[in-house]
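**Q** Below is the structure I would like to discuss, written out as structure tokens.
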Amino acid sequence: MGMADIADRLELQAQACGSMGSAFTAALIQAALSDYRKDGKVRDLLDSYPHYPRPGLNLAAALHYLALEGESTLSKHYPSVGGDGDGLAAWSAGQSILAQDRDRVERLFTRNVQTNEPARSMPILAASLWVAAQFNLPIRLFEVGAGAGLNLRFDHYRYEEADWSWGDADSALVLHNSTKQGRPKDVHASLKVIERRGCDLRPIDLGNSSERLSLQSFVWPDQTDRLDRLRAAIRAAEDIPVTIDAERFSTWLQREVRCGGGYVTVIMHTVVEEHMSANERAELNEAIAEHAEEASPRAPLAHVRMELNEGRYCTKVTAWSGSTLATTICTSDGHAQGIIWM
């Protein structure tokens, strides 16, 4: 990647935001693209980071953070804080801030894009119920790219759909994902998570108010239902301790994960592979394959992942216990909406 295709990336990100229901973010990034082509201040910023795969999302999140923090020239346009939803006006205000105080915007721009969308917990639940049904054993859960660990707490949320429900009715987070077809299998399986751990190069500390705000800033401002879910998941997390190690997955998996008798070891990741290089994806698969060699009928291993596949996000499980089992749980968009259960 280089400076030559930054404009192309901005164009694609604007289109993607629009197609996924955020007209505000699409308009803001499109306006930023127009100024980028005019060789403005935004070009100076983006050209300093030609390796960033999603510069439009970084830029949009930086300005959203300032709006959430109370920057009045921005907040009056941001639906997330009661603004009018005018993406073009929001960019105009953001452009002025960038011209006056580049350092302030740049510090926020250089953060890793981390959404940790809690709605992805629904496919994770269905995958974990499938694992529980196969082995009738408790689960030790290990997540690669865990962010704030919100999806590691999936079994403490409430799930309610038209023809099924699951979980604690008093949970702070109740998920109503949109479904196009079917329902998950194994909703009556006995599920027990006895350990949950994660790794991330830059874990999010939910005890830190700035990091909580940072996490919210990556949600598109006109998708207030997603913000409500995220805030509810943050509240639920207060009562469910999770350890997220600041470490690369290769050393972490080697040290932390061991197949053992009396439980299923589950390695999980959601919307992580697209942020990896081809070499990193190969390395992850090799690490999981090494653990699979240790699996046995008394010490099974399962790999749960929700990753992009031919334009849709596909949740799959592969399990090893001496023999190999594999299934597709569902397909969805990246926010786990429009689910087609298999």
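The values are calculated or read from the model by the stated rules, or taken from the named source; none is laboratory data. Quick caveat, the model's predicted, so the values are computed rather than measured. Cβ atoms come from the backbone with ideal geometry, glycine included; neighbour counts cover every protein chain shown.
**Q** If Lys192 satisfies every condition in (1) under 17 Å from the mean Cα position of the chain (by Cα); (2) modelled with pLDDT of 95 or more; (3) surrounded by fewer than 16 Cβ atoms within 10 Å (Cβ to Cβ) but one, which is the exception?
**A** Result: Lys192 passes all but (1).
**Q** Let me ask something additional. Is one or more of the residues making up the stretch 261-274 in contact with a Leu (Cβ under 8 Å, 6 or more places away or on another chain) and of a type in the set (S, T, N, Q)?
**A** Yes, because at least one residue in the stretch 261-274 is in contact with a Leu (Cβ under 8 Å, 6 or more places away or on another chain) and of a type in the set (S, T, N, Q).
**Q** For the stretch 19-37, give me each residue that is under 18 Å from His335 (Cβ atoms), at pLDDT below 95 and assigned to a helix (DSSP H, G or I).
**A** The one that is under 18 Å from His335 (Cβ atoms), at pLDDT below 95 and assigned to a helix (DSSP H, G or I): Ser19.
**Q** I'm trying to understand the selection: among the residues of the stretch 170-188, which are over 26 Å from Phe135 (Cβ atoms) and touching a Lys or Arg at 6+ places or on another chain (Cβ under 7 Å)?
**A** Once the filter is applied, which keeps residues that are over 26 Å from Phe135 (Cβ atoms) and touching a Lys or Arg at 6+ places or on another chain (Cβ under 7 Å), the stretch 170-188 yields Ala172, Leu173, Val174.
**Q** Any idea which of Gly207, Gly149, Gly198 is under 20 Å from the mean Cα position of the chain (by Cα) and in a strand (DSSP E or B)?
**A** Going through Gly207, Gly149, Gly198 in turn, the sole match is Gly198.
**Q** Now for a separate question. Scan the stretch 310-341 for residues that are in a strand (DSSP E or B), more than 17 Å from His269 (Cα to Cα) and hydroxyl-bearing (Ser, Thr, Tyr) and report the count.
**A** Residues meeting the conditions: 1.
**Q** Turning to a different aspect of this structure: Return the residues of the stretch 61-75 that are assigned to a loop (DSSP other than H, G, I, E, B) and small (Gly, Ala, Ser); say none if nothing qualifies.
**A** Matches in the stretch 61-75: Gly70 only.
**Q** Continuing with the same structure: Which ones in the stretch 295-304 are part of a strand (DSSP E or B) and either surrounded by fewer than 19 Cβ atoms within 10 Å (Cβ to Cβ) or over 15 Å from the mean Cα position of the chain (by Cα) (or both)?
**A** Answer for the stretch 295-304, where residues must be part of a strand (DSSP E or B) and either surrounded by fewer than 19 Cβ atoms within 10 Å (Cβ to Cβ) or over 15 Å from the mean Cα position of the chain (by Cα) (or both): Ser296, Ala299, Leu301, Ala302, His303.
**Q** Of the numbered conditions (1) hydrophobic (A, V, I, L, M, F, W, C); (2) closer than 27 Å to Phe154 by Cα; (3) in contact with a Gly (Cβ under 7 Å, 6 or more places away or on another chain), Val131 fails exactly one; give the number of that condition.
**A** (3)
**Q** Another one. Give Ala133, Ala162, Ala89, Ala146 a once-over and let me know the one that is crowded, with 21+ Cβ neighbours inside 10 Å and either closer than 15 Å to Pro221 by Cα or not charged (D, E, K, R) (or both).
**A** Checking each option against the conditions leaves just Ala146.
**Q** Take the residues in the stretch 38-60 that are of a type in the set (Gly, Ala, Ser) and not in a helix (DSSP H, G or I), then tell me which one is surrounded by the fewest Cβ atoms within 10 Å (Cβ to Cβ).
**A** Ser48
Residue by residue, here is whether (1) in the same structural domain as Arg43 (by TED's automatic domain parsing); (2) assigned to a loop (DSSP other than H, G, I, E, B); (3) of a type in the set (Val, Ile, Thr) holds:
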{"site": "Ala89", "(1), (2), (3)": "yes, no, no"}
{"site": "Ala93", "(1), (2), (3)": "yes, no, no"}
{"site": "Leu98", "(1), (2), (3)": "yes, no, no"}
{"site": "Val105", "(1), (2), (3)": "yes, no, yes"}
{"site": "Ala133", "(1), (2), (3)": "no, no, no"}
{"site": "Arg140", "(1), (2), (3)": "no, no, no"}
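**Q** For the stretch 305-342, enumerate the residues that are small (Gly, Ala, Ser), surrounded by 16 or more Cβ atoms within 10 Å (Cβ to Cβ), touching a Lys or Arg at 6+ places or on another chain (Cβ under 9 Å) and over 23 Å from Leu227 (Cα atoms).
**A** Ser321
**Q** Taking the criterion of being within 28 Å of Arg212 (Cβ to Cβ) and not hydrophobic (A, V, I, L, M, F, W, C), would at least one residue in the stretch 288-298 satisfy it?
**A** no
**Q** Can you tell me which residue in the stretch 248-279 is modelled with the highest pLDDT, limited to those that are assigned to a loop (DSSP other than H, G, I, E, B) and of a type in the set (D, E, K, R)?
**A** Going through the qualifying residues, I end up with Arg248.
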